[in-house]
Amino acid sequence: MVGPTPSLTRWRPVNYTRPPVGDPSDSEARLAWWKPDREVRARFRGWARVILFIGGAMLCVAGYKEARLSSASSTAVPVDLAALEGGAPLPDRHVRIGPHVRVLSETIYFVLKHSGASDGAKPPPSAVVTSILYPIVSADHPYLHGEPLRHFAVLVRDDSVDHVRDLVWNDTAGEPVEGMLVGDVTRMSDGRVDSVRKAFPGVDPEQVLIFDPGRQPKSLITSLLFMAGGAVLIFLSVMGFELLRRLSGGSVEQAQRQE
């Protein structure tokens, strides 16, 4: 038995009269559905200010760090890794490290925390790796003669590994590589410094240099442009919307006066 046909009258608009064609209220009625109310606009401005401020701060910090490294030589300076391990001074931050051994068996890796993972749990093979740290040693290092790895001079920071399953745990010979020695371990985040301390209890983090392979120094002008761009974004986050509101309010008042 077929039931009664449902009524569709409840879906019809009630008390709606379409304005005549050409009436300004016609276009306003058609566009009113997408115009956000005051609360939505205020929320949007708040989030936009936060995003602009964070982006500006990051640009300023990046520019400051690059400015500190801009004094490095534009051409990589050859450096003796064994001499650095012996305490020799650093000739330049932009260096070319000769043949060495990558101690990948002591790799420290950092992953994006996946949903549902508990603290201290081993990441799955599919976990995304953000970066890795591993020591490199010279050909005459005692570690290569069977002694424990009690000291080293350089810790490589690499972001070329995508997932945990792509990690290599065998020590390999490294070809000469150019890059920048950007500073000691203590300039990293506190969490990463703690990871280095736990992985290498006998190593002084303040004596270990971080090496970014393939990195080159940026010019001082580029660094200043970074900081200037960051300052502009911070200014816009603080005053930009207020200026825009005042300008738009002034134009509205002027239009009302003309009327």
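If you scan region 62-116, which residues turn out to be acidic (D, E) and within 17 Å of L155 (Cβ to Cβ)?
First, pick out the residues of region 62-116 that are acidic (D, E): 66, 80, 85, 92, 106.
The answer is E85, E106.
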Checklist entry - Which one is modelled with the lowest pLDDT among residues in region 186-204 that are within 14 Å of H151 (Cα to Cα) and β-branched (V, I, T)? => result V203
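Condition check: over 21 Å from the mean Cα position of the chain (by Cα) and at pLDDT 65 or above. Does I234 satisfy that? Can you show your working first?
Values: over 21 Å from the mean Cα position of the chain (by Cα): no; at pLDDT 65 or above: yes.
No: the conditions fail for I234.
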Next on the checklist: Name the residue that is surrounded by the most Cβ atoms within 10 Å (Cβ to Cβ), counting only residues in region 57-100 that are out of contact with any strand residue (DSSP E or B) (no Cβ under 8 Å at 6 or more places or on another chain), under 16 Å from S138 (Cα atoms) and aliphatic (A, V, I, L, M).
Outcome noted: A82
Next on the checklist: Take G3 and tell me if it is modelled with pLDDT of 85 or more and loosely packed, with under 13 Cβ neighbours inside 10 Å.
Outcome noted: no
Checklist entry - Would you pick out the residues in region 72-98 that are in contact with a helix residue (DSSP H, G or I) (Cβ under 8 Å, 6 or more places away or on another chain) and within 24 Å of A228 (Cβ to Cβ)? => result R93
Checklist entry - Do any residues in region 165-182 that are assigned to a strand (DSSP E or B) have Cβ atoms under 6 Å from those of residues that are surrounded by 11 or more Cβ atoms within 10 Å (Cβ to Cβ) and among the basic types (K, R), where the two are at least six apart or on different chains, and which pairs are they? => result T172/R102; G174/R102; E178/R96; G179/R215; M180/R93; M180/R215; L181/R93
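So is R157 surrounded by fewer than 16 Cβ atoms within 10 Å (Cβ to Cβ), assigned to a strand (DSSP E or B) and in contact with a strand residue (DSSP E or B) (Cβ under 8 Å, 6 or more places away or on another chain) or not? It would help to see each step written out before you state the result.
Details: surrounded by fewer than 16 Cβ atoms within 10 Å (Cβ to Cβ): no; assigned to a strand (DSSP E or B): yes; in contact with a strand residue (DSSP E or B) (Cβ under 8 Å, 6 or more places away or on another chain): yes.
So R157 fails the test.
The values are calculated or read from the model by the stated rules, or taken from the named source; none is laboratory data. Please read all numbers here as calculations on a predicted model, not as lab measurements. Positions of Cβ are generated from backbone atoms using ideal geometry, with glycine treated the same way; all protein chains shown enter the neighbour counts.
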